1. Can you list residue pairs whose Cβ atoms sit under 7 Å apart, with the first residue in segment 163-180 being outside any loop (DSSP other than H, G, I, E, B) and the second being modelled with pLDDT of 95 or more and charged (D, E, K, R)? Count only pairs 6 or more apart in sequence or on different chains.
2. Looking for something at pLDDT 95 or above, outside any helix (DSSP H, G or I) and surrounded by 16 or more Cβ atoms within 10 Å (Cβ to Cβ) - is there at least one such residue anywhere in segment 133-149?
3. Name the pairs: first residue in segment 36-48 and more than 20 Å from Leu79 (Cα to Cα), second residue among the charged types (D, E, K, R) and surrounded by 16 or more Cβ atoms within 10 Å (Cβ to Cβ), Cβ to Cβ under 8 Å, at least 6 apart or on different chains?
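The values are calculated or read from the model by the stated rules, or taken from the named source; none is laboratory data. Small disclaimer: the values here were computed from a predicted structure and weren't measured. Here the Cβ is made from the backbone with ideal geometry for all residues, glycine too, and neighbour counts use every protein chain on show.
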Amino acid sequence: MTRLFLMLSMVLALAACSEHKALNQPTKDLGAFKLGHNIVVAPKMQKVPISREATKEEWIEALTTAIGDRFSRYDGDQLYHFGVSVEGFALAPPGVPLVFSPKSALVINVTVWDDAAGKKLNEEPEQLVVFEDLGNAPIVGSGYVNTREEQLAALSFNAAHRIERWMVEMREEKGWFEPRGETEEAPQTTQPEKAAETKPEPAKAEPAVPEDVAPQAANPADLPPASVPQPAEG
């Protein structure tokens, strides 16, 4: 946890790169991807001391909406599920212009599940650090130009975009979301046309059993109780 605080504290002093991409832009190449479950949790979420307040419920709602809006545009025929955990955040307060101008940041862990295979695509969660757009005020910090709600929404939007970028990278590197081939039909043991031409062999007569060695019918009284036929009910 100390490492998380240190990382976010350092991030607050750095300028954030703009990641705000409009949702009306063309989708990326994610193969046969289609969003299934979109699960966001925040059981161990931490807030950097120099930050505005935001509840777990607010982050869960904002991220769920942003992720759903971005990935519902993909209409592949293979389902994949998201598991996203909010690890830490910093919503920049106003600060002091040109002296201390903190920047907003968000840290999340992401896991992608393959529905058909029933397993994770990434065994270890991918940790992503996301920054807020600074708009036209890169010097004074977002705390002077954006409200708390605007900061939270912007970070959630950029988080969804960052997840998309990471997924594109994984598709290029590891072949994620590749369309699966159709299930092959089981081969036939006999070709239909050959089966039609085959003439059945005449049945061979069973040898007659002499009467003196024919088996005697079993006496129900000699059989175990479970073997005696029971009358049908009704």
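1. Close Cβ pairs (under 7 Å, with a partner that is modelled with pLDDT of 95 or more and charged (D, E, K, R)) amount to Glu164/Lys28; Glu164/Arg70; Trp166/Glu126; Val168/Lys28; Val168/Asp29; Arg171/Asp29.
2. No; the residues of segment 133-149 include none that is at pLDDT 95 or above, outside any helix (DSSP H, G or I) and surrounded by 16 or more Cβ atoms within 10 Å (Cβ to Cβ).
3. Listed by first residue and then by second, the contacts come to Lys44/Glu87; Met45/Glu87; Gln46/Glu87.
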